[in-house]
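Below is one structure, written out as structure tokens; the observations come after it.
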Amino acid sequence: MAEPPVLIRQDEVEDLLHYKDLIPRLEVALRKFSKLDSAEVIQPVRTTVPLQKYNGFLGLMPAYLVHEDILCTKLVCFYKRESGSTLPSTQATVLLFDPEYGNVKAVMDGEVITAKRTAAVSAISAKLLMPTKSDVLTILGAGHQALSHYHVFTETFSFKEVRVWSRRKETAERFAQSTQGHVTVWESVEEAVNGADVIVTVTGASEPVLFGQWVKPGAHVAAVGACRPDWRELDDVLMRQAEVYVDSREGAVAESGDIILSGAKVFAELGEVLNGTRPALREKTTVFKSLGMGIQDAVSAKLVFEQWKNKH
Ligand SMILES: NC(=O)C1=CN([C@@H]2O[C@H](COP(=O)(O)OP(=O)(O)OC[C@H]3O[C@@H](n4cnc5c(N)ncnc54)[C@H](O)[C@@H]3O)[C@@H](O)[C@H]2O)C=CC1
Ligand SMILES: O=C([O-])C1=[NH+]CCC1
């Protein structure tokens, strides 16, 4: 009989999962996913179950990486919350399986995995697509993803200025106080993004908050929120003037309101850029539309489990 699964708590995942280990593994997984022969990576577009009564969704995100023999699924609930709500907007659990026997080896917190792997993939997009000289980073939104993006972007790059905007100024102020480095708080999106080289959108918005007319030509936008076909963070002008990169084309055309409703064309997957089969148009205005992928959770879970076993 198989051993019962181990339970890995949120604080343990926080201690075990580091960007320096995670980023190279995510790059390998994205490369494999975007190879034309994708038998190595099996990842259906996530299944979403609407929770209409609660303005949310349950997402099921299975993935199997054949060569690494990683079988995993994340179960994630995400919600559209009213301003001032104290309820969480994302809750997640990750299950790591033994692919041969079929049992669950580990049940682990999925919130830290979601926060860190999403931010790490945005950092990969910025490494490939942001202007060579990037001094100003603006973060729109001040929640969990804002913080993980702040950490990985400031660890990985050397911005001279970091700005934050949130729909409630107090939240942006709290965010700025919680960070180690200096972050300036802005009251309007237009001012916050004026002259920014890199803009990260990590809001719960379902209508555009970032408009193309405000974005400096050549800037890079990592767009992380708006993960439903009828939700938006970016307006049509920005979507049509930018070269649009995605994590998964299949996911993007099924789930991204910014892409579907603007009619913007997807230029490339990040994995295609990493593989050298599509160019990184760094000199142009670029949008990386992130939706999140099961393979990103799978490589993160494997990493957490390996580190956990080393300690036990
Ligand atoms: N692409 C991906 O892989 C992932 C995307 N997400 C998405 O990222 C976004 C942020 O997630 P978290 O930081 O975990 O959420 P959070 O609830 O911790 O923070 C959300 C932030 O957005 C702001 N906000 C909420 N509604 C807004 C609106 N209508 N207009 C402007 N600002 C608004 C909030 O004030 C807060 O600052 C969500 O849309 C979530 O669904 C989350 C996980 C993974
Ligand atoms: O990939 C992910 O975990 C999510 N994408 C949108 C909400 C949660």
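Values quoted throughout were computed directly from the atomic coordinates according to the rules given, and no laboratory measurement underlies them. This structure is a prediction, so every number in the text was calculated from the model and none was measured. FYI the Cβ positions are ideal-geometry reconstructions off the backbone, even for glycines, and counts take in every protein chain you see.
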Compactness ratio of the stretch 119-293: Cα Rg over 2.2 N^0.38 Å, N = residue count? 0.93
For a 18 Å ceiling on Cα separation, which of these pairs sit above it: 127/160; 20/116; 53/169; 133/216; 169/289; 127/169? 53/169; 169/289; 127/169
Considering only the other residues whose Cβ falls under 10 Å of the Cβ of residue 45, what net charge follows from Lys and Arg at +1 and Asp and Glu at -1? -1
The stretch 119-293 - percent relative contact order, Cα under 8 Å, separation 6 or more: 22
Dimensionless Rg/Rh of the stretch 154-247 - Kirkwood Rh, Rg from C-alpha atoms: 0.95
Quick one: net charge of residue 138's neighbours, Cβ under 15 Å, K/R +1, D/E -1? -3
Mean projected area (nm²) of the alpha-carbon convex hull when the chain is viewed from all directions: 15.6
Kindly write out, for the stretch 259-276 in residue order, the coupling ³J(HN,Hα) from the Karplus curve 6.51 cos²θ - 1.76 cosθ + 1.60 (θ = phi - 60°), rounded to whole Hz, with x marking Gly and Pro. 7, 5, 7, 8, x, 5, 8, 7, 7, 6, 8, 4, x, 5, 5, 5, 7, x
Can you list the residues, at least 5 places off or on another chain, whose amide H is less than 5 Å from the amide H of residue 246, using H built in the peptide plane? 268, 269, 270, 289
Here the net charge surrounding residue 184, from other residues whose Cβ is less than 9 Å away from its Cβ (Lys, Arg +1; Asp, Glu -1), is 0
Spatial separation of Cα centroids for the stretch 269-297 and the stretch 157-224, in angstrom: 21
What does the stretch 127-172 give for Rg and for Dmax, in Å, if only its C-alpha atoms count? 11.2, 33
With x for Gly and Pro, the residue-by-residue ³J(HN,Hα) of the stretch 205-214, computed from phi through the Karplus equation 6.51 cos²θ - 1.76 cosθ + 1.60 at θ = phi - 60° and given in whole Hz, is 5, 10, 10, x, 10, 10, 10, x, 5, 8
What angle, in degrees between 0 and 90 and rounded to the nearest 10, separates the Cα long axis of helix 19-34 from the longest principal axis of the Cα atoms of the chain? 90
Tell me which residues come under 5 Å, amide H to amide H, from residue 199 once H is placed; ignore anything under 5 positions away on its chain. 138, 220, 221, 222
If you plug each phi of the stretch 44-50 into the Karplus form 6.51 cos²θ - 1.76 cosθ + 1.60 with θ = phi - 60°, what whole-Hz ³J(HN,Hα) values come out, in order, with x for Gly and Pro? x, 4, 4, 8, 10, 10, x
When 23, 199, 42 are arranged by how many other beta-carbons sit within 10 Å of their Cβ, fewest first, they go 42, 23, 199
To the nearest 0.05, what FRET efficiency results for residue 93 and residue 2 with a Förster distance of 22 Å applied to their C-beta separation? 0.70
By per-residue mean of other Cβ atoms within 10 Å, what is the highest-first order of 47-59, 109-121? 109-121, 47-59
List 297, 235, 69 from most exposed to least, where exposure is judged by having the fewest other Cβ atoms within 10 Å. 69, 235, 297
Ascending count of other beta-carbon atoms within 10 Å, so fewest first, for 182, 18: 182, 18
Length gained if residue 310 through residue 135 is fully extended, taking 0.36 nm per residue and subtracting the Cα-Cα distance, is 59.1 nm
